[in-house]
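Asker: I'd like to ask some things about the structure below.
The values are calculated or read from the model by the stated rules, or taken from the named source; none is laboratory data. Source: prediction; values computed, not measured. A quick note on method: Cβ atoms are made from the backbone with ideal geometry, for glycine too, and the neighbour counts reach across all protein chains shown.
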């Protein structure tokens, strides 16, 4: 009887070990290949990557997923690329003809520092709508891409029929409490310091060693993780840094970084990116239907806002747009709403179909 009991315990332990190994293996595999399934689906649906050269010589790279519905222009955020929307493009494709662009300094679009301004990006995106899309368009932008989307909504004329502002860093990126914001402390200050340094290690390692979220939540672990990343970079020069033991919600910030011009971020650090355009005026000039998607406000114990904009800033932005704008807020502060609150994002974009785009 004892032998049978011991045997049963042994079998249970082996099963638990096998299941545990499978779970860990799957977790690690997902961390290394998180984007592949979405990109494969886009290819199957007929998405193609293209580029267009403007009369001024600038090149805009973009992904296009043809569909039977009206046009939708997607504008990614800092350190991203058009593929950042791969997880939602298949569902959007059911109702929209999608154009997702690389903004200047990102992806395969032109990398020239003189282009890294709000109005330059906005005006060239308006040209893109008028000369490439050539039909009434809804625009959706994420993070600083949402600020570009707001510019397009304000000054893009009759071709722009609606706009989604997905968690823009409104007001802070023109100086309002800037140095106490999460974006400044976690990204732009480390980025500026890295550019100014001798750069003895790769950017991902430097970032992990100095990022604000690491200091708040994993302070003791970050030096070791940064050392691992630096060793990986040295063994795989020029390749994307991959961290098998960390979730894609963390490592996705490195996925497109090899195609990112750090001087783009420098214009946010020194507050020159707005190029004299005031957010208050830009928002007031929007006369088309607008939805502001806001990630819930979260504040650290030391008073630092762990979000792109406070609730007060979001409400102020909506009030400036006026009756044409409504506010939708998520239940957490995750900045990447289209990735972490997929259905909310899809429902928001698709709500413009009821506006009768013609």
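Asker: Condition first: in contact with a helix residue (DSSP H, G or I) (Cβ under 6 Å, 6 or more places away or on another chain), surrounded by fewer than 21 Cβ atoms within 10 Å (Cβ to Cβ) and part of a helix (DSSP H, G or I). Can you find one or more residues in segment 307-314 that meet it?
Answerer: no
Asker: Out of everything in segment 327-342 that is surrounded by fewer than 17 Cβ atoms within 10 Å (Cβ to Cβ) and part of a helix (DSSP H, G or I), what residue ends up being modelled with the lowest pLDDT?
Answerer: Taking the candidates together, the pick is 340.
Asker: Looking at segment 71-96 only, could you name the residues that are out of contact with any helix residue (DSSP H, G or I) (no Cβ under 8 Å at 6 or more places or on another chain) and under 21 Å from residue 352 (Cα atoms)?
Answerer: Correct list: 94 only.
Asker: Next question. Among the residues of segment 323-358, what is the count of those that are farther than 24 Å from residue 182 by Cβ and without any contact (Cβ under 8 Å) to a residue 24 or more places away in the chain?
Answerer: 5
Asker: Test of understanding: among 193, 124, which residue is surrounded by fewer than 20 Cβ atoms within 10 Å (Cβ to Cβ), at pLDDT 95 or above and either touching a strand residue (DSSP E or B) at 6+ places or on another chain (Cβ under 9 Å) or assigned to a helix (DSSP H, G or I) (or both)?
Answerer: 193
Asker: Given the conditions (1) assigned by TED's automatic domain parsing to the domain that holds residue 344; (2) more than 26 Å from residue 304 (Cβ to Cβ); (3) part of a helix (DSSP H, G or I), and given that residue 164 satisfies all but one, which numbered condition is not satisfied?
Answerer: The failed condition is (3).
Asker: Check 240, 234 and return the single one that is part of a loop (DSSP other than H, G, I, E, B) and more than 17 Å from the chain's Cα centre (by Cα).
Answerer: Details: 234 fails: part of a loop (DSSP other than H, G, I, E, B).
Checking each option against the conditions leaves just 240.
Asker: Which of the residues spanning segment 79-110 are over 25 Å from residue 240 (Cα atoms) and either crowded, with 23+ Cβ neighbours inside 10 Å or not assigned by TED's automatic domain parsing to the domain that holds residue 134 (or both)?
Answerer: Within segment 79-110, 92, 96, 98, 99 meet the criteria.
Asker: Determine whether residue 292 is surrounded by 14 or more Cβ atoms within 10 Å (Cβ to Cβ), closer than 30 Å to residue 158 by Cα and either touching a strand residue (DSSP E or B) at 6+ places or on another chain (Cβ under 7 Å) or assigned by TED's automatic domain parsing to the domain that holds residue 351 (or both).
Answerer: The answer is yes for residue 292.
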